[in-house]
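The block underneath contains the structure these notes are about, expressed in structure tokens.
The values are calculated or read from the model by the stated rules, or taken from the named source; none is laboratory data. Note that this is a predicted model, so its numbers are computed, not measured. We place every Cβ from the backbone using ideal geometry, glycine too, and count neighbours over all the protein chains shown. The protein model used for the area step is the full one, side chains on, heavy atoms only, and it has no ligands, DNA or RNA in it. Shrake-Rupley method; radii C 1.70, N 1.55, O 1.52, S 1.80 Å.
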Amino acid sequence: MHENVTLAVGWIETGTGLGNDIKDLIFNVGIPLLCGLFVMVVGWKTKAPGPTIMAVIFAAIVWGGSASMETLKEKTTEDITQYDGGELTPMGDQ
């Protein structure tokens, strides 16, 4: 007899239990630090401006996306509400 077990449940509960402090630490320190490290490693390994500039652009996209997670969440929620038949606001009336 096989039981379906979701292995991530323990990690999710642990993350939720630690609260918002660890989330803030990851988003405000961890991601920017890793983005900077990524750019430095690419620049050091390639020693060429093209890949380093692309690494900077990619790191900026990742960092910017993580910094605006709340905005993305609100926009996604709004889109889902509108798709599910919620009130539609004309584009010019926002």
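Whenever a residue of region 67-86 is modelled with pLDDT of 75 or more, its partners that are part of a helix (DSSP H, G or I), lying with C-beta atoms within less than 8 angstrom and at least six residues away or across chains, give the pairs Ala67/Phe27; Met69/Phe27; Leu72/Gly65. In region 41-66, the residues that are closer than 24 Å to Gly30 by Cβ form no Cβ pair under 7 Å with any partner that is of a type in the set (D, E, K, R) and assigned to a helix (DSSP H, G or I), whether six or more places apart or across chains. You will find that of Lys47, Lys23, the residue that is modelled with pLDDT of 90 or more, charged (D, E, K, R) and open to solvent by 70 Å² or more (accessible area, probe 1.4 Å) is Lys47 and no other.
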